[in-house]
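What follows is a single structure, written as structure tokens, with notes after it.
The numbers here are math on the coordinates, done by the rules we state, and not lab data. Only a predicted model underlies this, so the values are computations on that prediction, with no experimental measurement involved. As a convention, Cβ positions derive from the backbone with ideal geometry for all residues, glycine included, and neighbour counts pool all protein chains shown.
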Amino acid sequence: MLCILDVEGIDSMTKDQKVVEVKNLQMSYGDNVVLDGVNLAIRKGEILVLLGPNGAGKTTTIEVLEGFRGRSGGSVNVLGVDPDEGNEEWRSRIGVVLQSWRDHAKWNVSTILNHLGKYYLPYSTPERKRPLDSDELLNKVGLSAHANKKVNELSGGQRRRLDVAIGLIGNPEILFLDEPTVGFDPKARREFHEIIHGLADLEETAILLTTHDLDEAERLADRIIILAGGKIVANGSADELARETAGKTEITWTQDGKRQVHAASDATNFIRKLLAQHTSGISQLEIRSASLEDTYMAIVQKHESKQTRKEKK
Amino acid sequence: MNRQLSALRLGLERGFIEFKILMRDPQTLIWMLIIFGIFFTVLWFQRGTELNGVSLALLTLPGLLGMQIASSGFSDVASGLAYDREDGTLFRAKATPRGMSAYFIARVVIIFLTTLVYMIVLLLPSLIIVPGLVQTISLGDAFTMFWLIILGLLATAPFGAIIGSIVKSSGSGWGLTLLPLALLTAISGIFYPITALAGWIQITAQIFPVYWLGLGARSIFSPESAAALELTGSWRTTETILILLAWSIAGLVVVPRVLRKMARRTSGSDMQAARERMLKNGY
């Protein structure tokens, strides 16, 4: 059985650990229900990845938390404040990596980062220095060599990394990223993952990101939430999710020149029997536990078939 | 307090950076070259023709200055705002502490500085082209012109901002302002004496700021004797100030509401939609 709502997990966090707390979030436009009772919480320094098919409500959820979108119902708390009433001081503690792609096109890379950093200076505290050093940050996202280029001269991946740097310049306590790695090459992607890990570990920045890349989710996430049809359909670490889905392991082997495939829930037992039965003739044995992709497909498909059944009724 | 002051400083900084970028942008320069090239050609051909002993060019030039103020306030503000909304600049400002305040301060700086540049670029060559301008112009004129620019921008920019905040794309923002502006220019006695137009057209023209900006600029740069050519035979300075003020007040009452509504509406998904439309249609 899936942990449909990890309410226990949420409640076990102590209050000052919780950076984000969402209870029964509702969002609808007329008859169109986009979010239906979403509950989630994010701890200090935790990386939470939001997965789900297009139209599942990921961006809407993020925009409600960022304070850019009003909600239809439920309670939302980000850094102790309802985003609907967040003031400029609250805004200064939040980092946002937008899906935008061409603002400030004619500015210099270093000029824009420097300029945007200055907005955070009045909000610097002894515990949290604001803004971060912009040269250091450019170096961290691998854009030092391009500091004097115009923003529109950057490649897609470089532009995205600049967006990430802008999201970080205010040394945020929580960072929201909506599909940050679209258009990254594998190297840029790996570097990006290192930045994100570093942030969560060193600065205790809580991070919420959405992605369609399941490898990325597996690599980054402390916890994964899968949204489908405006509801949370799974919540847990990548391992937990894999274990709690069908829990089947795929076993392939070659027997008398023929390739065989079997899906077993208890792989160890199955292989013990298999090898005991055939003392010879078995080769190229492979055991592959369900990947996050399998889990994801299973969960989303299960949800979608439920949806269609409901619609038929 | 300190934080508000810092927003003001950042707004000014932002305005100067954007202004520098704008003035170095080949697109701006080519656009200025074309428009002002047309203006100077018109002035060149008019310089020999005289009306009441005054060169026609000396009557047209102030009209062009007045029209340019209206165009800066209305068209440039509308397209600038629509563009910043579309490309995410405004959303970025929203995601930054006090970013919106700084953004609007920057916009004011940019419009004021570019209008000033337009005025200077129009006036300098005119000193040579337009007969009689050198003799009539004085430092006091420059001062009066300064106030006309401020009043003219106040009367037109809020309405540019409203157009810029309701249109769907930057392209339509520009088009939507260009048409009314061209119509008003045609009937406001900028290129063609308003006294020669039908009575109802004269009345219509006198409702809008373009006519009064042209008249105000003529009162500054044309010789006293030219006042006889105006509708009532005088410069009507008091009426000019009152009507421009009325438009300013109307704009300043309406515009904060419209802008606040727009700012609340702007969201990431809207920009995503704009992006997808651009990728699909190319505009």
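Under 17 Å from a label point 7 Å along Cα→Cβ of residue B:191: give me every residue in the range B:209-252 with its amide N that close.
Label zone hits: B:210-211, B:214.
Can you tally the lysine pairs in the range A:247-312 where the Cα-Cα distance is under 17 Å and the two residues are eight or more apart, or on different chains?
Step by step, the pairs that qualify in the range A:247-312 add up to 4.
Compute the convex hull volume of the Cα atoms of the range A:247-312, divide it by the residue count, and report the result per residue in Å³ as a whole number.
Hull volume over Cα atoms, normalised by residue count, gives 105 Å³.
According to the Kirkwood expression over distinct Cα-Cα pairs, how big is the hydrodynamic radius of the range A:70-150, in Å?
It is 15.0 Å.
Within 11 Å, Cβ to Cβ, of residue A:45, how many net charges do the neighbouring residues add up to if Lys/Arg are +1 and Asp/Glu are -1?
Combined, the nearby Lys, Arg, Asp and Glu give -4.
Relative to the longest principal axis of the C-alpha atoms of chain B, give the angle of the C-alpha long axis of helix B:209-221, reported between 0 and 90° and rounded to the nearest 10°.
Here the helix axis deviates by roughly 50 degrees.
Relative contact order for the range A:247-312: what is it in percent, counting Cα pairs under 8 Å that are at least 6 residues apart?
Computed over the range A:247-312, the figure is 36 percent.
Determine which aspartates and glutamates satisfy two conditions relative to residue A:231: a Cα distance under 14 Å, and not lying fewer than 8 residues away in the same chain.
A:6, A:36, A:304
Can you give me the long-range amide H partners of residue A:232? Hydrogens built in the peptide plane at 1.01 Å from N, cutoff under 5 Å, separation of 5 or more residues or another chain.
Here the answer is A:39, since their amide H atoms fall under 5 Å of that of residue A:232.
Angle check, please: helix A:292-312 long axis (alpha carbons) against the longest principal axis of chain A (alpha carbons), in degrees 0 to 90, nearest 10.
90
Going by Cα centres, the range B:109-160 and the range A:56-91 are how many Å apart?
47
Label points 7 Å out from Cα along the Cβ direction at residue B:127 and residue B:198: separation in nm?
My value for the distance between the label points is 4.4 nm.
Just for the Cα atoms in the range A:7-242, what are the lengths along the principal axes, largest first, rounded to whole Å?
48, 37, 36
What FRET efficiency comes out for the pair residue B:117/residue B:207, r = Cβ-Cβ distance, R0 = 22 Å, nearest 0.05?
0.15
Report the net charge of residues surrounding residue A:188, where surrounding means a beta-carbon distance below 10 angstrom and charges are Lys +1, Arg +1, Asp -1, Glu -1.
Net local charge, residue A:188 excluded: +3.
How do B:2-15, B:129-142 rank on mean C-beta neighbours within 10 Å, highest first?
B:2-15, B:129-142
Please tell me the relative contact order of chain B in percent, rounded to the nearest whole number, where contacts are Cα pairs under 8 Å and at least six residues apart.
RCO, chain B: 27 percent.
With runs of 4+ DSSP H residues as the only contributors, calculate the mean residue ellipticity of chain A at 222 nm using -39,500 (n - 2.57) per run, divided by the residue total and rounded to the nearest 500.
Mean residue ellipticity, 222 nm, calculated: -10000 deg cm²/dmol.
Within the P(r) computed for chain B, what percentage of the Cα pairs occupies the region above 36 Å?
Percentage above 36 Å: 20.
Taking a temperature of 4 °C and a viscosity of 1.567 mPa s, what whole-number D in µm²/s does Stokes-Einstein yield for the range B:78-117 with Rh from Kirkwood over alpha carbon pairs?
Stokes-Einstein gives a translational diffusion coefficient of 123 µm²/s.
Residue A:72's amide H: which non-local residues (gap 5+, or another chain) put their own amide H closer than 5 Å, with H modeled 1.01 Å from N in plane and none for Pro or chain starts?
A:26, A:27, A:28
What is the distance in Å between the Cα centroid of the range A:208-243 and that of the range B:226-263?
Going from one Cα centre to the other spans 58 Å.
Calculate the FRET efficiency for residue B:245 and residue B:41 from the Cβ-Cβ distance with a Förster distance of 45 Å, rounded to the nearest 0.05.
For R0 = 45 Å, the calculated efficiency reads 0.80.
Restricting to Cα pairs below 8 Å that are 6+ residues apart, what does the relative contact order work out to for the range A:7-242? Please round to a whole percent.
Worked out over the range A:7-242, it gives 28 percent.
So if I average 1/r over every pair of distinct C-alpha atoms in the range B:25-77 and take the inverse, what Kirkwood radius in Å does that give?
Computed over the range B:25-77, the radius equals 12.3 Å.
State the antiparallel share, in %, of DSSP beta bridges confined to the protein assembly as shown, rounding to the nearest 5.
Within the protein assembly as shown, antiparallel bridges account for around 70 percent of the total.
Could you pull out the pairs from A:23/B:261; A:118/B:94; A:106/A:187; A:23/A:58 whose alpha carbons sit more than 19 Å apart here?
The answer is A:23/B:261; A:106/A:187.
Could you work out the pair-distance distribution P(r) of the protein assembly as shown from its alpha-carbon pairs, with 20 angstrom bin width and percents rounded to whole numbers?
That works out to 17, 40, 26, 13, 4, 1, in percent per bin.
Any idea how far apart residue A:54 and residue A:283 come out in nm if each label point goes 7 Å out from Cα toward Cβ?
4.6
Per-residue ellipticity at 222 nm for chain B, helices alone: DSSP H runs ≥ 4 residues times -39500 (n - 2.57), over residue total, nearest 500 deg cm²/dmol?
-26500 deg cm²/dmol
Could I have the simple spin-label model distance between residue A:85 and residue A:182, label points 7 Å from Cα toward Cβ, reported in nm to one decimal?
3.4
Checking the cross-link filter: which aspartates and glutamates have an alpha carbon closer than 12 Å to that of residue A:140, excluding same-chain neighbours under 8 positions apart?
Of all the aspartates and glutamates, those that pass the test against residue A:140 - Cα under 12 Å, at least 8 places apart if same chain - are A:191, A:194.
Counting pairs of Cα atoms in the range B:1-122, how many percent are more than 19 Å apart?
56
Please determine, in degrees from 0 to 90 and to the nearest 10, the orientation of helix A:109-118 with respect to the longest principal axis defined by the Cα atoms of chain A, where the helix direction is its Cα long axis.
Helix A:109-118 and the main axis of chain A meet at about 70 degrees.
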